[in-house]
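I have placed the structure first, in the form of structure tokens, so that the comments after it can refer back to it.
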Amino acid sequence: FDAVEIHGAHGYLVNQFMSPFSNKRIDQYGGTILNRARFALEIIANIRSKVGSDFPLIYRMSVNEFVEGGLTTEDSKVISMLLENAGIDLIHASNGVYASTETIIPPTAVGHAWSANISEELKKVVSIPVIAVGRINDPLIAESVLRSKQADMISMGRGSLADPHLPNKAQAGQFDDIIRCIGCLQGCIQRNAQQLPIKCLVNPMTGHESERQITPASREKKVFIIGGGIAGMEAAIVAAQRGHKVEIFEKNSRLGGQWVLAAIPPTKEELGSFTVWQVNQLNKLGVIVHLNTDLTLEMIRDNQPDSVIIATGASPFVPNIPGKELGHVLTANDILQGSAQAGKRVVVIGGGLVGSETAAHLANHGHDVSIIEMNSDIFVGTPSATKHYLMKDLQHHNVAILTNTQVKEIHSDAVVVDNNGQLQTLAAIDNVVMAIGSRPVSFSVEELEQHVSEIVTIGDAQKVRKAMEAVEEGYLAGLTL
Ligand code: SF4
């Protein structure tokens, strides 16, 4: 190894001693900054005695713990002076503890380089270099932090999971080729919390570096892909990289499928960077894209592709609730794609991520919104940090949340619900928005099978799941053709 980093942050042992939030000792290890720092300083002295005076020692700290009674930036300025004095060569300025976990690995709702002003504070009191970290997923943002003299070095955790080649691509000026972390938390910290191996939504190679490799195909094939969502595009990219001739047939006027809609709610804009990356790669690889086009059997017969990948995605599921056919009943997709305008008072049925984000979108645009959810909580299955910021947004906009509640009937201006066994009428409603989930868009393969030897169905077209599975299946389909 080229250096040692002492993890003195995030509520782990060394930080527990340092922080008044957790350190309640009354001996020489507690009570004052100097005493609380003693444990870390003893560790530093011990390591230094073993590695020698010219070996780099880095100390990672939670500068601001963002909890009542926890370390503040002013406390950490003193600590960083002690660390420099103890022979630390670099300070890695992170933030947060487990009680403020949303600040340790912040989601897309948190701004880029959000804590660079905190690392800047440390630079005022030490002469050793300071590393900034936190939602720095773009080399231009990193450069800006450095030129602003807010830090001397940049650390990228998730940026490296999304694209380990980011620094080299930036150095070569290949900015379009960088896959940017979108702050979704799904593949990295959520799986880590579930004690599963880490993946990355935007990079199916992550966590599989030793077994997945894009190698040239033994024979060039003509590959037709039905559907230009993120699964279809990922399949096209990998297949084209392997030397196949690939064409995408997309029935809509743009690529991206439902992912484009996922980027519409407030703070989700960054999801769009993945679509932009995929479209750029398709262009570079010469993938032919047919927009506004349904692939017909006649086209299959005329062109004789070797392989067809079905990536038709999913469409909104509307449950059989009395009144569902009324004109004021919309879907979340209608709202997000702007094909329908909602009135002032809106009831969103379904408090999963799509329903809750659609509610946030409406509330941010001035609507009075209620969410009806049959489970005991909304955002089930959503990473906790993502949920934290979304809940704050819903609360800020006074969105009413009715859990353990089922819709019984929809009327032209009201919704009847069963709330914990009590029938209740929500009156004066202008619109109802369904966000119950999606169903696969099926594609009949029987006739296709008579003309094509290789047919693969991927993503939501096979079974509705999360975007990460769709992208991974697209990647694997491209890899196995
Ligand atoms: S899974 Fe999402 S948050 Fe995690 S590194 Fe990948 S893009 Fe970033």
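The values are calculated or read from the model by the stated rules, or taken from the named source; none is laboratory data. Keep in mind the model is a prediction, meaning the values are calculated, not measured. We place every Cβ from the backbone using ideal geometry, glycine too, and count neighbours over all the protein chains shown. Keep in mind that these areas ignore ligands, DNA and RNA; they rest on the heavy atoms of the full protein, side chains included. Shrake-Rupley method; radii C 1.70, N 1.55, O 1.52, S 1.80 Å.
Every residue, every condition in (1) under 23 Å from the mean Cα position of the chain (by Cα); (2) not in a helix (DSSP H, G or I), yes or no:
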site: 391; (1), (2): yes, no
site: 395; (1), (2): yes, no
site: 401; (1), (2): no, yes
site: 417; (1), (2): no, yes
site: 447; (1), (2): no, no
site: 472; (1), (2): yes, no
site: 475; (1), (2): yes, no
Taking region 198-213 and keeping residues within 12 Å of the ligand (Cβ to nearest atom) and either more than 16 Å from the chain's Cα centre (by Cα) or not hydroxyl-bearing (Ser, Thr, Tyr) (or both) leaves 198, 199, 200, 201, 202, 203, 204, 205, 207
Of the residues in region 172-215, those that are open to solvent by 50 Å² or more (accessible area, probe 1.4 Å), touching a Pro at 6+ places or on another chain (Cβ under 9 Å) and within 21 Å of residue 238 (Cβ to Cβ) come to 205, 209
A careful count of residues in region 152-189 that are outside any loop (DSSP other than H, G, I, E, B), near the ligand (Cβ under 8 Å from one of its atoms) and either of a type in the set (Ser, Thr, Tyr) or farther than 18 Å from residue 277 by Cβ (or both) gives 1
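Condition test on residue 84, is it of a type in the set (Asp, Glu), crowded, with 23+ Cβ neighbours inside 10 Å and in contact (Cβ under 8 Å) with a residue 12 or more places away in the chain? Give the steps one after another, and end with the answer.
Values: of a type in the set (Asp, Glu): yes; crowded, with 23+ Cβ neighbours inside 10 Å: no; in contact (Cβ under 8 Å) with a residue 12 or more places away in the chain: yes.
For residue 84, the condition - of a type in the set (Asp, Glu), crowded, with 23+ Cβ neighbours inside 10 Å and in contact (Cβ under 8 Å) with a residue 12 or more places away in the chain - is not met.
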Taking first residues from region 435-447 that are within 24 Å of residue 359 (Cα to Cα) and second residues anywhere that are open to solvent by 70 Å² or more (accessible area, probe 1.4 Å) and not in a loop (DSSP other than H, G, I, E, B), the pairs with Cβ under 6 Å that are 6 or more apart or on different chains are 435/354
For region 102-116, does any single residue satisfy the condition of being crowded, with 20+ Cβ neighbours inside 10 Å and away from the ligand (no atom under 16 Å from the Cβ)? yes
Contact list, first residue from region 282-307 and at negative phi, second anywhere and part of a helix (DSSP H, G or I) and surrounded by fewer than 16 Cβ atoms within 10 Å (Cβ to Cβ), beta-carbon distance below 7 Å, six or more apart or interchain, is 297/447
Listed by range, strands (runs of 3 or more DSSP E) wholly within region 1-107 having at least 1 residues that are among the aromatic types (Phe, Trp, Tyr) and under 24 Å from residue 124 (Cα atoms) are 57-62
Quick check on region 142-151. Is at least one of its residues surrounded by 24 or more Cβ atoms within 10 Å (Cβ to Cβ), modelled with pLDDT of 95 or more and within 16 Å of the ligand (Cβ to nearest atom)? yes
Going through (1) open to solvent by less than 10 Å² (accessible area, probe 1.4 Å); (2) touching a Phe, Trp or Tyr at 6+ places or on another chain (Cβ under 8 Å) one by one, residue 230 fails only at (1)
Please tell me if residue 24 is open to solvent by 40 Å² or more (accessible area, probe 1.4 Å), among the basic types (Lys, Arg) and modelled with pLDDT of 95 or more.
yes
Reported set for region 314-351 where residues are among the aliphatic types (A, V, I, L, M) and part of a loop (DSSP other than H, G, I, E, B) is 318, 321, 326, 340, 342
Has region 258-276 got at least one residue that is outside the structural domain of residue 112 (by TED's automatic domain parsing), within 14 Å of the chain's Cα centre (by Cα), within 16 Å of the ligand (Cβ to nearest atom) and among the acidic types (Asp, Glu)?
yes
Of (1) out of contact with any strand residue (DSSP E or B) (no Cβ under 7 Å at 6 or more places or on another chain); (2) open to solvent by less than 60 Å² (accessible area, probe 1.4 Å); (3) within 16 Å of residue 236 (Cβ to Cβ), residue 456 fails just (1)
The helices (runs of 4 or more DSSP H) lying entirely within region 197-313 that contain at least 1 residues which are closer than 24 Å to residue 446 by Cβ are 230-241, 297-303
Any chance region 234-243 includes a residue that's assigned by TED's automatic domain parsing to the domain that holds residue 278, open to solvent by less than 20 Å² (accessible area, probe 1.4 Å) and within 16 Å of the ligand (Cβ to nearest atom)?
yes
